[in-house]
Amino acid sequence: MSKMPKRSPRNKQSSSLPNFPKGKNVEEKSSWEQRFDELCRFKANNGHCNVSQNYAENKSLAGWVNSQRIAYKKNTLSSNQIQQLDSIGFAWDPREVLWNTTFYQLCVFKT
């Protein structure tokens, strides 16, 4: 009985194939991008990005919008995410926007 020569294991680094993450389609959007797309559709339909926390049609979008504001205050959003949200007119502090809008209306009324 002759012994077969031992084969050396293949060197994983010598492979010319790209190293894609397992179990995930490379073209699949991240959950952040999917929510951002939902927010863009919301804005297209409603004219603003201020999703109420009581928005019954998409409670998860309402929660996501709120979490983006919290992450912004904690400085945990990437600069790309901030830029994307800014590009669609996202209000980081909706109370401030409401106050400024109401104050402007008061000034117009008084003139």
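Data table
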{"read-out": "Considering residues of segment 40-71 that are of a type in the set (Phe, Trp, Tyr) and either in contact with a His (Cβ under 6 Å, 6 or more places away or on another chain) or under 15 Å from LEU85 (Cβ atoms) (or both) only, the residue surrounded by the fewest Cβ atoms within 10 Å (Cβ to Cβ)", "value": "TRP64"}
{"read-out": "Of all residues making up segment 75-108, the number that are over 14 Å from CYS49 (Cβ atoms), among the polar types (S, T, N, Q) and open to solvent by 80 Å² or more (accessible area, probe 1.4 Å)", "value": "6"}
{"read-out": "Residue match in segment 24-37 (condition: in a helix (DSSP H, G or I), among the hydrophobic types (A, V, I, L, M, F, W, C) and either open to solvent by 50 Å² or more (accessible area, probe 1.4 Å) or in contact with a Lys or Arg (Cβ under 8 Å, 6 or more places away or on another chain) (or both))", "value": "no"}
{"read-out": "Unique residue being at pLDDT 80 or above and either in contact with a Leu (Cβ under 7 Å, 6 or more places away or on another chain) or of a type in the set (Ser, Thr, Tyr) (or both) when the list is ARG69, ARG35, ARG95, ARG41", "value": "ARG35"}
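The values are calculated or read from the model by the stated rules, or taken from the named source; none is laboratory data. Note that the coordinates shown come from a computational prediction; the quantities given were computed from them, not determined experimentally. Virtual Cβ from ideal backbone geometry, glycine too; neighbours counted across all protein chains shown. Ligands, DNA and RNA are excluded from the accessible area calculation, which covers all protein heavy atoms including side chains. Shrake-Rupley method; radii C 1.70, N 1.55, O 1.52, S 1.80 Å.
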